[in-house]
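Some notes on the structure that comes next.
The values are calculated or read from the model by the stated rules, or taken from the named source; none is laboratory data. Note that the coordinates shown come from a computational prediction; the quantities given were computed from them, not determined experimentally. We place every Cβ from the backbone using ideal geometry, glycine too, and count neighbours over all the protein chains shown. Quick note on the areas: whole protein, heavy atoms, side chains included, nothing else; ligands and nucleic acids left out. Shrake-Rupley method; radii C 1.70, N 1.55, O 1.52, S 1.80 Å.
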Amino acid sequence: MDATEYNRPRKPNADTLSYLKSLPFDERTAETEIQSYINYKTSENKEEDKGEVEYPQTLSAALAALSEIQNEIASLAGDEFGSQAIETIARITTAYSQIAVRKLLFGIQGYMIHLSTHRYASHVVQTLLQCVLVEKSSQHGDVLELQEDEEEEDASLPSLMEILYNLVEEIKHVAQDLAVHVCGSHVLRSLICVIAGCQEQIPLHLQHKPGGGTMETGGNRRGKVKNKKKKKKNKTVMIADGGSNANNVQYELVQSKRLDWKHDDMQQCLYQLIQELTSLDLSSDDLNDPSQPGALQQLACNPSAGPLLSMLLKILTLRSNSGNDSSKLNITNVATEGDKANQGLHDFRLGIQAPQAQFPSSSQAERLSKHILCWDESTEDGTQQQTASDIIYGLSGETRGSHLVECLLRISNDQFYDAFCKAGGFFTPETFIDYAKHEVSNFVMQTLLNTARTREQVEALIKCVESMINDGYILDAKNKRRGIFWRAVEMAAKFRIGQETIIKCMKKGFGTLQSKPSVDVEVCIGELINFQKPEDGKRMAELDAIGARAFYQLLRFVPRLCGEILTAFDARYDASEVESMCNDGHASRCIIDGILDGPTNQKPFTQAVKSLFEKLKGRFVALSLERVGHHTVSKLFLRLSTMEDRAVFSEELANGLNRLNSNAMGRKIIVDCAVKDYLEGEQIWTTVVKKRLDKDTFLKDLEASLLGSTGEKKRKRKRKKASGDGDGNSNEAKMVKTN
């Protein structure tokens, strides 16, 4: 890209920078002031308040500063401090004022190409574009009395849609160049999200990190000095399913009063950008002839352009579903499942990913997918797609290309998913092994096992994995392929197919590694988890993160097969090792919760919970004071099968009541395990525990009801089965209620 092809803004005015440095802007203070003023103005009992709340001074200063610098925004965006000031002003003002958004975006018009490739200015452009869809209620603007001031300036500025249209026209002819630029690709993502009416979702387990989930400004991120001291990686929280990539990003459609993404101009902008990037004209319904491999596949393998194509597929999927009434329910269910999957780090440790919406047949997302793969529309048989087969094979071996393949596996409809897998030869044992042994494409195979749709596909995949387990290849930690075994176990647990086969193969595979025909399950569990107690003076234990996840999924097999696994675990680890597991975040979630989350009303799990209780006797008070361990104490109390055991539990905790009162975790255990109620008498304690059990049962039923019709059918089958056993926690709660 030649420097003469675009406009460069002037250097920022030194006086303007001095003026901005004199303004004490703080986003948190601004938000507090604005919210306090709105609450005061909307309160019905103003006389009872302590005093009158002043108009938010930070907002006034930000709006005044914006009016002063609106003609110098492009210049300031290229300065380290100026970029930070613009982003701060944007975050304070744009949520309440549409005029502020238009001023800021109008200030970068004409300089988009230069700003999009600048180390500081590119972050400014991203922030300004992201602020378009972030708006508060119009009532807030009325309360803040911004409407009257904005009416005078409205006529002097182009409309928001017109500004965005001009920005797209400015950069569309260099879209492919920006797509492969480390900064320009991020600007393209933000621009496409805005004109498509989409917004990136931040997972809940990341929103509660320090900083509230907000990103650093461009100046802070690009200009700060890095710490020379390298941080040690925590082996126990290693992410095995590909880590952080574009596949883990979720998007949602935003209904904004500022911008109608269904407007013809916005639709045309989106189609023009897609056509410049991929040479596919989505504005026409005519089916194109299969394209030839070339530049588009190179873009898919580019570190910057690859995630951009994945984002395009997801956004087109959301847009396709939004116009289809039959898909609205699917989007709702996906949102519910997404919230459940991202509700905390404890589920994130299990490798649970939020399910994604699937594009309908013949949708724009499917057209783009086939265009990337050079799909031949003349045949529906995936095995006849020779060109697509070569492209899938090539993309799967590239780091970024494999992310695109994984994205297609997650968002494809069932029909295209089956044809896609057959084109890639994923269900053929020889080809599957070839993929699995590659250092990159093995992650594609993990995603394949995680996204299997039908029982026929699962049976075929079990046959593919069986030989690799038997020879010990994917069980040997040195080969770094245990993720395939974990996903295979997860798939077998989900579909209830091949569970006995996997356990037999596991015994044989670990036996092969030890030059034996087969080994006991106890040896398999020890090798799989590879747990090591923390050294003296250290708190963190060491274990195989993937093996621990596989152990959790093994306990999701039918209870008949879980018996020997639970017995082996009980024989393998002593009380001190179990206590260390309870205090380790990953071990606690994958191993201990693997036992406590099972059907504890059935014999193998009832005995395992009892054994866990016996091993931890005398250690409950110490565990209750730990940040991680107290979760196990609370859950174990509810999973015990008899009131006598719970009474012993509460008695031990009552003896350490003074220690429990020393921190917040201990005080929580006092409430959860009815410790003080135990001291007041047996009858009071029994009543409180009964209510606790009823509440736990109610929450489980409520959670299961959110899973939709499929979950309802599963619950009915489980209840019918449980009713024949007659020894569950729910039955015990009924007995307590009767007494």
Inset, instruction - Quote to one decimal, in nm, the extra length available between Asn248 and Arg560 on full extension: 0.36 nm per residue of separation minus the C-alpha distance between them. - result: 108.8 nm
Legend entry - Stokes-Einstein translational diffusion, region 428-492 - Kirkwood Rh over all Cα pairs, 0.692 mPa s, 37 °C, in µm²/s: 286
Legend entry - Glu380, Glu276, Glu652, Glu54, reordered so the largest accessible area comes first (probe 1.4 Å): Glu380, Glu54, Glu276, Glu652
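Given the alpha-carbon gyration tensor of region 512-663, what are the semi-axes of its equivalent ellipsoid in whole angstrom, ordered largest first, with each equal to the square root of 5 times an eigenvalue? Don't skip to the answer; put the middle values down first.
Working: eigenvalues 149, 74, 27 Å².
With the √(5λ) rule applied to region 512-663, the semi-axes are 27, 19, 12 Å.
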Legend entry - Cα→Cβ-extended label distance, 7 Å offset, between Ile433 and Lys41, nm: 7.2
Inset, instruction - Enter the Cα centre distance for the pair region 355-380 and region 429-462, rounded to the nearest angstrom. - result: 21
Legend entry - Inter-probe distance in nm under a simple model that places probes 7 Å from Cα toward Cβ, at Glu162 and Asn71: 2.0
Legend entry - Largest to smallest accessible area among Lys690, Lys21 [probe 1.4 Å]: Lys21, Lys690
Inset, instruction - Please give the solvent-accessible surface of Tyr678 in Å², to the nearest 10, using a probe radius of 1.4 Å with every protein chain present. - result: 70
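From the P(r) of region 448-593, could you give the percentage of C-alpha pairs in the tail past 21 Å? Kindly include the intermediate steps, with their values, before the conclusion.
On the way: 4374 of 10585 pairs.
Value for region 448-593 (Cα pairs over 21 Å): 41 percent.
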Legend entry - Distance between region 584-651 and region 529-554 - C-alpha centres, whole angstrom: 18
Legend entry - Label-point separation in nm, Lys172 to Glu680, each point 7 Å along Cα→Cβ: 7.1
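Taking a 1.4 Å probe, which of Ser624, Ser22, Ser322 shows the most accessible area, and what order do the others take after it? Can you show the working numbers first?
Values: Ser624 0, Ser22 80, Ser322 30 Å².
Ranked list, largest accessible area first: Ser22, Ser322, Ser624.
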